[in-house]
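Read through the structure below, which is laid out as structure tokens, and then see the notes.
The values are calculated or read from the model by the stated rules, or taken from the named source; none is laboratory data. These figures come from a predicted structure and were not determined experimentally. Note that each Cβ is placed from the backbone with ideal geometry, even for glycine, and that neighbours are counted across all protein chains shown.
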Amino acid sequence: MDSYYIISFLKMLFALSLVLGIMLGAVYLLRKLGKQGQMGFAPGGSINVITVRYLDPKTAIMVVDVFNRIYVLGVSGNNITLIDEITDSETISKLKQAKNYETQYASKTPKLSSFSFQLWISDLRRRLVGQ
């Protein structure tokens, strides 16, 4: 009777290790395929998020670089709205410098999202007053 329990236990361990091996293999393959199929969302790709400012848990304002054009987007639970396109070269260079600084020193300093957001606000005010 004891040998029956030992054999059952060994079968269970074998089945468990087989299932875990299949799961780990699937995770590895998904990660490997996911890196190849990001279609421009990787850093240095054609679409980069410069900064995100959360207004609510499901609402944010994002500054996004798409093919070297800077867009300000309003993002909510089921909607993405184009708020503005930043065309001022000085503001664009400041945003990109802030993003480069943020990624370079991300582990050493706090995020610069509010700084980038303030740059956009000052650019928007300058354009509204200029009109």
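Any residue at all in the stretch 36-43 that is in a strand (DSSP E or B) and at pLDDT below 85? No, the conditions are met nowhere in the stretch 36-43.
Conditions tested, residue by residue: (1) within 16 Å of ARG127 (Cβ to Cβ); (2) out of contact with any Phe, Trp or Tyr (no Cβ under 7 Å at 6 or more places or on another chain); (3) among the β-branched types (Val, Ile, Thr).
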position: VAL49; (1), (2), (3): no, yes, yes
position: LEU55; (1), (2), (3): no, yes, no
position: VAL63; (1), (2), (3): yes, no, yes
position: VAL66; (1), (2), (3): no, yes, yes
position: TYR71; (1), (2), (3): yes, yes, no
position: ASN78; (1), (2), (3): no, yes, no
position: LEU82; (1), (2), (3): yes, no, no
position: GLU85; (1), (2), (3): yes, no, no
position: SER89; (1), (2), (3): yes, yes, no
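Scanning the stretch 76-113 for residues that are over 15 Å from ASN48 (Cβ atoms), modelled with pLDDT under 70, surrounded by fewer than 11 Cβ atoms within 10 Å (Cβ to Cβ) and within 18 Å of the chain's Cα centre (by Cα) yields a count of 2.
Kindly provide the set of residues from the stretch 45-65 that are part of a strand (DSSP E or B) and more than 14 Å from the chain's Cα centre (by Cα), ordered by number. If you could, list the steps in order and put the result at the bottom.
Residues of the stretch 45-65 that are part of a strand (DSSP E or B), as a first pass: 47-56, 59-65.
Within the stretch 45-65, LEU55, ASP56, THR59 qualify.
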